[in-house]
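Let me begin by presenting the structure, written as structure tokens, before commenting on it.
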Amino acid sequence: MGTVERSDGYVRSLLVATVLSVAGIVAAQVTTVPAFLLDPALVESPADASSLGIVALMGLNFAGFVLVGAAYLWWTDRGWSYLDLRWPTGRGWLFVLVGIFGSIGYLFVVNVVATLFELESSENQVVQFIGDDPNVVLLMIVIVFAFNAPAEEFLFRNVIQKRLYAAFSRMGAVVATSVIFALIHIPSYALSATGVAPAGAIAVSLAVVFGGSLIFGTLYAKTDNLVVPIAAHAAFNAFQFGILYLLLRFAPDELENAMAVAVETALAAVPV
């Protein structure tokens, strides 16, 4: 992996990265409109929404990220050749495994710290769609692999992080991308149905998002292969949902209540 030449200013690069990030969030709100028209329960009573409605919402949500990334590649004449998309080598799959276990380990540490300081994470919208139906959790695992991980990694890694290489070192770009990624999630975790979430709860959720972005960004920086962070990201989120599925399907109420904070913290890394 060669050294990247830095030929752009810090301010300009950060401005472009921030605009692309915000544009992705805004586009996701627009592209999801057909899903709400298809199934009004997504707004009125998310837990009662149909499987088709949930899939449409999630797919269209992350389609907004793809549209913004694609538009940027077209506007700057980078084209699809800019994509670092290929089947990983043995070394690449090793990085995938490191990313999966590293992200799970990081999540465990955050859960321990949150428990020690009696902190909860902010409410995640995904929980509203799941309710107490474990079958919806299985649907979420499919969505993670099909929409969530590919779309987020495409925009935030192959477009934004790679764009920042023009001004930052590779690890500098990883950190900058992760900071931006965490900051744009503040509104999602600060606002809830009951008002503004406590500062500690917001901090826990953002810590999970920031740490996950650091890990997946490092995987991309080390391999120059988008498939590597996509695979690790998807497997990590699938692990989170897998835990929730087991709790909903098999755990007694006492264990489920004891794990509530851990599950909420885990799902904090699965944005909608």
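Just check region 10-267 against the gyration tensor rule for me: Cα atoms, a ≥ b ≥ c as the square roots of the eigenvalues, rounded for a/c under 1.5, and otherwise prolate or oblate depending on whether a/b exceeds b/c.
Prolate is the answer for region 10-267, as a/c is 1.5 or above and a/b outweighs b/c.
Return the calculated 222 nm mean residue ellipticity for the chain, to the nearest 500 deg cm²/dmol, obtained by summing -39500 (n - 2.57) across DSSP H runs with n ≥ 4 and dividing by the residue count.
Estimated from H runs of four or more residues: -22000 deg cm²/dmol.
Considering all alpha-carbon pairs of region 1-154, what whole percent are spaced by more than 27 angstrom?
44
Please give the helix 199-223 orientation as an angle from the longest Cα principal axis of the chain, in degrees from 0 to 90, rounded to the nearest 10.
40
Using r as the Cβ-Cβ distance of Val127 and Asp8, and R0 as 30 Å, what FRET efficiency do you calculate, to the nearest 0.05?
0.15
For Gln29 and Ala70, calculate 0.36 nm times their separation in residues minus their Cα-Cα distance, and state this gained length in nm to one decimal.
This chain segment gains 13.1 nm when fully extended.
Can you compute the charge dipole magnitude of the chain about its Cα centre, using +1 on each Lys and Arg Cβ and -1 on each Asp and Glu Cβ, nothing else charged? Give it in debye, rounded to the nearest 20.
1340
What is the local net charge at Asn158, summed over the other residues whose Cβ is closer than 15 Å to its Cβ (Lys, Arg +1; Asp, Glu -1)?
+3
How far is it, in nm, from the label point at Leu183 to the one at Arg78 when both lie 7 Å from their Cα along the line to the Cβ?
According to this spin-label approximation, the distance is 1.9 nm.
Throughout, read-outs are computed from the coordinates displayed, never taken from laboratory work. For clarity, every value in this text was computed on a predicted model and none was experimentally measured. All Cβ positions, even for glycine, are placed from backbone atoms using ideal geometry, and neighbour counts span all protein chains on display.
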